[in-house]
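Asker: I have a structure here, written as structure tokens, and I will follow up with some questions on it.
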């Protein structure tokens, strides 16, 4: 299992469109990916689960992944949440 603490660096936090994009990023990987924030643990591939976190810019969370591509999965999620990957328009 790979875990990493990440700070959300998206100007408007995780609203509907960025959440949909994050779920698409997570779904590219075979690993099981979870996001932990404020005592909640949700599947990063679940749009409803991710919306329930109500994450804002500057918040810290933990990403954990388990599977053959777990390292790449955590890096992909980190790149998105840190603003290194642009949202598709």
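Asker: Can you give me the C-alpha center-to-center distance between the range 1-48 and the range 49-86, rounded to a whole angstrom?
Answerer: Cα centres, the range 1-48 to the range 49-86: 4 Å.
Asker: Over the chain, what is the mean sequence separation of C-alpha contacts under 8 Å (at least six apart), divided by residue count, expressed as relative contact order in percent?
Answerer: Working: 165 pairs, mean separation 40.2, N = 89.
Relative contact order, the chain: 45 percent.
Asker: Multiplying the sequence separation of residue 72 and residue 43 by 0.36 nm and subtracting their Cα-Cα distance, what value in nm do you get? Present the calculation step by step, with values, prior to reporting the outcome.
Answerer: Values: separation 29, 0.36 × 29 = 10.44 nm, distance 1.66 nm.
Using 0.36 nm per residue and subtracting the Cα-Cα distance, I get 8.8 nm.
Asker: Put a dot 7 Å past each Cα toward the Cβ at residue 79 and residue 3; how far apart are the dots in nm?
Answerer: 2.5
Asker: Measure nothing fancy, just the Cα-based angle from helix 70-81's long axis to the longest principal axis of the chain, in degrees from 0 to 90, nearest 10.
Answerer: Between helix and principal axis, roughly 10 degrees.
Asker: To the nearest 500 deg cm²/dmol, what mean residue ellipticity at 222 nm is calculated for the chain from DSSP H runs of n ≥ 4 alone, each contributing -39,500 (n - 2.57), summed and divided by the residues? Mind showing how you got there, number by number?
Answerer: Working: 3 runs with 31 residues, N = 89.
Mean residue ellipticity at 222 nm (helix-derived): -10500 deg cm²/dmol.
Asker: Taking the chain as a Gaussian network, where each spring joins two C-alpha atoms under 10 Å apart, which residue of 12, 36, 60 fluctuates the most?
Answerer: Comparing 12, 36, 60 in a Gaussian network model of the chain, the most mobile one is 12.
Asker: Right, next: Against the longest principal axis of the chain, how steep is helix 16-27, in degrees 0 to 90 to the nearest 10, with axes from Cα atoms?
Answerer: 10
Every read-out reported here was derived from the displayed coordinates using simple, explicitly stated rules and does not represent laboratory data. The structure presented is a predicted model; accordingly, all values stated were derived computationally and were not measured. Cβ atoms come from the backbone with ideal geometry, glycine included; neighbour counts cover every protein chain shown.
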